[in-house]
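Each remark here refers to the structure printed beneath this line.
The values are calculated or read from the model by the stated rules, or taken from the named source; none is laboratory data. Worth saying up front: this structure is predicted, and the values here are computed from it rather than measured. Positions of Cβ are backbone-derived with ideal geometry, glycine not excepted, and every protein chain shown enters the neighbour counts. Just the protein is used for accessible areas: all its heavy atoms, side chains included, with ligands, DNA and RNA removed. Shrake-Rupley method; radii C 1.70, N 1.55, O 1.52, S 1.80 Å.
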Amino acid sequence: TDSGRAMQERELARKEKVMKEVDGLLEKAWSDKARAAAAKARHIGTTASGKTIPHHSDDVYTAREKRPKWNITVNPLTHPEEGGKILRQRLSGWSSQDHVDAAKKHREQADAAQKKWGEVADAAHSAAFGGAKRQPWDHKVSGVSRDEYSPEHKDQLRELAHGGSAHAAAADAHWKAAGKRTSFNTAKSLADELSDNVAKIEAQNVATAS
């Protein structure tokens, strides 16, 4: 009968609605899990207090916003001083030492990328020019060094150059977020110089004592 068919249709519609809701919940659960896994994969370490340090591609660094006195939208990688202010707001639970730890970790990543870039550039130059050794004056194209390099090598070089620059910018922003007045590189140079001087004094003292 018509009433029986109507009841069957309503029941089918109800079941279909329930299945869609279940599918939606499952999709959200997998999506949340995937996002959590991706976020974890983007971490580069932790601070001494246990704070997770995000990768430079994380939203905490890449999300742009309108800031006073700026005609463009900016993020923490745009400018060290402004980046430091943004990070203090976005990471409000972080201490100055947390930001120092994050700055050092990002600097390590930047240095590693720079070292790897040199290794890839050496291999690319050798492959492109019959075993020739790359020289400082061979650098002619920003990011990839030479147009003659293979597409595969140039892709690697671009990724390393971009990643290294982003990590360096994140380090500078965290350094300023920690309230430091000097740049991270200046502070690192001074620390290295101090360490060298201490080593020289100790060596002189040992020589004098003997």
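Please work out if ALA103 is open to solvent by less than 80 Å² (accessible area, probe 1.4 Å), at pLDDT below 95, of a type in the set (A, V, I, L, M) and more than 15 Å from GLY163 (Cβ to Cβ). Criteria not met by ALA103. As for segment 1-24, it holds at least one residue that is farther than 30 Å from ALA113 by Cβ, at pLDDT below 75 and outside any helix (DSSP H, G or I).
Contact annotation: residue pairs with Cβ atoms under 6 Å, 6 or more positions apart or on different chains, pairing a residue in segment 143-157 that is surrounded by 12 or more Cβ atoms within 10 Å (Cβ to Cβ) with a partner that is part of a loop (DSSP other than H, G, I, E, B), are SER145/HIS139; ARG146/LYS140; LYS154/VAL144; LEU157/VAL144.
Once segment 150-204 is narrowed to residues that are outside any helix (DSSP H, G or I) and of a type outside the set (Ser, Thr, Tyr), the residue that is modelled with the lowest pLDDT is ARG181.
Inside segment 49-62, can you point out the residues that are within 21 Å of LEU160 (Cα to Cα) and either more than 13 Å from the chain's Cα centre (by Cα) or free of Cβ contacts under 8 Å to residues at least 12 places away in the same chain (or both)? Give the steps one after another, and end with the answer.
At the first step, the residues of segment 49-62 found to be within 21 Å of LEU160 (Cα to Cα) are 53-62.
Hit for segment 49-62 is ASP59, nothing else.
All conditions in (1) open to solvent by 20 Å² or more (accessible area, probe 1.4 Å); (2) in a helix (DSSP H, G or I); (3) among the hydroxyl-bearing types (Ser, Thr, Tyr) hold for TYR61, with the sole exception of (1).
Being open to solvent by 100 Å² or more (accessible area, probe 1.4 Å), of a type in the set (Val, Ile, Thr) and either modelled with pLDDT of 65 or more or over 31 Å from the mean Cα position of the chain (by Cα) (or both) is a property that does not hold for THR46.
Quick check: anything in segment 34-42 surrounded by fewer than 17 Cβ atoms within 10 Å (Cβ to Cβ) and modelled with pLDDT of 90 or more? Among the residues of segment 34-42, not one is surrounded by fewer than 17 Cβ atoms within 10 Å (Cβ to Cβ) and modelled with pLDDT of 90 or more, which makes the answer no. Of the residues making up segment 112-136, not one is in a helix (DSSP H, G or I), touching an Asp or Glu at 6+ places or on another chain (Cβ under 8 Å) and open to solvent by 60 Å² or more (accessible area, probe 1.4 Å).
One residue is enough: does segment 79-94 have a residue meeting the conditions assigned to a loop (DSSP other than H, G, I, E, B) and open to solvent by 80 Å² or more (accessible area, probe 1.4 Å)?
Yes; the residues of segment 79-94 include at least one that is assigned to a loop (DSSP other than H, G, I, E, B) and open to solvent by 80 Å² or more (accessible area, probe 1.4 Å).
Going through (1) under 19 Å from the mean Cα position of the chain (by Cα); (2) not in a helix (DSSP H, G or I) one by one, ASP98 falls short only on (2).
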